[in-house]
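All remarks here apply to the structure that follows.
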Amino acid sequence: MPASSDSPPEALARTFRPSAFIRGSVALHAVAAGALILRPQLWPWALAAVVADHLTLTAAGLWPRATLLGPNLTRLPQRAAARGEIAVTIDDGPDPEVTPAVLALLDQHAVRASFFCVGERIARHPQLAREILARGHSLENHSQRHLNRFSLLGPRALRAEIAGAQESIAFATGAAPRFFRAPAGLRNPFLEPELARAGLKLVSWTRRGFDTVSTDPDRVLARLTRGLAPGDILLLHDGHAARTAGRGPVILTVLPVLLAAVRGAGLKPVTLPAACL
Ligand SMILES: [Zn+2]
């Protein structure tokens with residue numbers, strides 16, 4: 001059950017624990033600073049170490065499935081995989097044209113999915129957000145504006161994007177998401193402390209279909225089903241959906257075949273809260 005919107009956010013906050021890589025990065029800066037004080041002639045080495053560290057931090061943020069910057073769910077927990085569960089996750093909506101058709105397809109296959117929605121789209125289509133929840137799916141946080149420059153934001157701007165979407169979702173539905181996915185999966189080291197403060201867990205994916213850019217449903221399907229296994233988190237899009245040659249949104253062609261393949265493999269799609277909480 002989602003927590004009610006009037007829960008104080010502080011009650012949901014979890015403790016921020018820097019990853020080993022972040023702790024190492026902080027220590028490296030301290031060592032470099034110490035070296036500069038004690039042995040100023042070592043400055044080229046200190047500078048090179050700090051630059052290399054920042055390049056690695058940046059690369060980790062641009063690699064959506066990396067766990068160097070903090071916890072990042074790329075698969076369902078082992079206990080969910082043992083139950084044969086997978087998660088179908090659908091990003092960037094709600095979209096007034098595509099989302100109702102996606103909801104109808106999910107109903108036909110008796111499948112529950114997790115929708116990572118954009119806050120300002122929820123504000124424009126609150127009824128669709130309520131419909132997602134009413135049909136038993138989960139509704140999660142995909143930032144307020146889905147900015148292309150999300151991974152370049154500082155702590156305050158990240159906090160505003162995260163809190164803005166939580167508020168948009170709470171205002172429209174009364175629900176309080178517990179999971180967050182970064183736009184395009186791109187991050188920086190400031191994100192994890194803000195997610196901890198908001199009580200949210202970062203989710204990426206096991207495989208994605210690239211269905212915002214790929215217009216060929218067969219290729220999207222092949223990417224999603226390659227090595228399909230219990231515990232997989234699959235990523236599709238109802239917002240920003242690419243169009244097939246027949247001009248229909250790719251997800252509407254892919255989803256029925258994908259869900260049949262999932263059932264054929266003996267797997268059970270569940271929502272992220274059902275799999276994780
Ligand atoms: Zn997105």
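The values are calculated or read from the model by the stated rules, or taken from the named source; none is laboratory data. Quick caveat, the model's predicted, so the values are computed rather than measured. Positions of Cβ are backbone-derived with ideal geometry, glycine not excepted, and every protein chain shown enters the neighbour counts. To get the accessible areas, we keep the full protein, side chains included, count just its heavy atoms, and leave off ligands, DNA and RNA. Shrake-Rupley method; radii C 1.70, N 1.55, O 1.52, S 1.80 Å.
Just report the Cα centroid separation between the stretch 80-100 and the stretch 114-192, whole Å. Distance between centres, Cα-based: 15 Å. Taking 17 Å as the cut-off, the amide N atoms of the stretch 121-151 that come nearer than this to a point 7 Å along the Cα-to-beta-carbon line of residue 157 belong to 143-151.
Projecting the Cα atoms of 108, 176, 229 onto the dipole axis of the chain, where Lys and Arg carry +1 and Asp and Glu carry -1 at the beta carbon, places 229 farthest toward the positive end.
Want the number for residue 120 to residue 243: 0.36 nm per residue separation, take away the alpha-carbon distance, what's left? Could you put the intermediate results ahead of the total?
On the way: separation 123, 0.36 × 123 = 44.28 nm, distance 2.30 nm.
My answer for the length gained is 42.0 nm.
Sequence gap at least 6, Cα distance under 8 Å: using those rules, report the relative contact order of the chain to the nearest whole percent.
Working: 530 pairs, mean separation 75.5, N = 277.
Value for the chain: 27 percent.
Computed from the Cβ-Cβ distance with R0 of 51 Å, the FRET efficiency linking residue 37 to residue 226 stands at 0.45.
Annotation: amide H of residue 267 has no partner in the under-5 Å range at sequence separation 5 or more or interchain, hydrogens built in the peptide plane.
Of all beta bridges DSSP finds with both residues in the chain, what is the antiparallel percent, to the nearest 5? Close to 15 percent.
Dipole magnitude of the stretch 49-175 about its Cα centre, charges +1 at Lys/Arg Cβ and -1 at Asp/Glu Cβ only, in debye to the nearest 20? The partial results should precede the final answer.
On the way: 13 positive and 12 negative charges, 57 e Å.
Approximately 280 debye in magnitude.
Taking the centroid of alpha carbons for each part, the stretch 27-57 and the stretch 216-277 are 46 Å apart.
Peptide packing for 18-25, 29-36, 215-222 was compared via the average number of neighbouring C-beta atoms within 10 Å per residue; ordered from the highest value, the list is 215-222, 18-25, 29-36.
For the stretch 1-133, give the percent of accessible area contributed by carbon and sulfur heavy atoms, probe 1.4 Å, rounded to a whole number.
On the way: 4760 of 7330 Å².
On the stretch 1-133, the fraction of accessible area on carbon and sulfur atoms equals 65 percent.
Its Cα centre serving as origin, the stretch 20-92 has a Cβ charge dipole (Lys and Arg +1, Asp and Glu -1) of approximately 300 debye. A full extension of the chain between residue 16 and residue 50 corresponds to an added length of 9.9 nm, given 0.36 nm per residue minus the alpha carbon distance. Peptides 195-207, 85-97, ordered by how many other C-beta atoms sit within 10 Å of their residues on average, highest first, read 85-97, 195-207.
Add -39500 (n - 2.57) for each DSSP H run of 4 or more in the chain, then divide by its residues: what number comes out at 222 nm, to the nearest 500 deg cm²/dmol? All intermediate terms of the calculation are to be shown ahead of the outcome.
Values: 12 runs with 129 residues, N = 277.
The helix contribution divided over the chain gives -14000 deg cm²/dmol.
Rounded to the nearest 10 square angstrom, residue 270 shows an accessible area of 10 square angstrom against a 1.4 Å probe. What residues from the stretch 136-177 fall in the zone where the backbone N is under 16 Å from a label point 7 Å along the Cα-to-C-beta line of residue 186? Only 143-154, 158 fall inside the zone, counting backbone N under 16 Å. Extension gain, residue 263 to residue 28, is 79.7 nm, computed as 0.36 nm per intervening residue step minus the present C-alpha separation.
Using a 1.4 Å probe on the protein heavy atoms, what percent of the accessible area of the stretch 216-272 belongs to carbon and sulfur? About 54 percent, which is the carbon plus sulfur part of the accessible surface. Average accessible surface for the chain: 47 Å² per residue, computed with a 1.4 Å probe over protein heavy atoms with every protein chain in place.
Charges only on Cβ, +1 for Lys and Arg, -1 for Asp and Glu: so what's the dipole of the chain about the Cα centre, in debye to the nearest 20?
Details: 31 positive and 21 negative charges, 127 e Å.
Using only the charged Cβ atoms, the result is roughly 600 debye.
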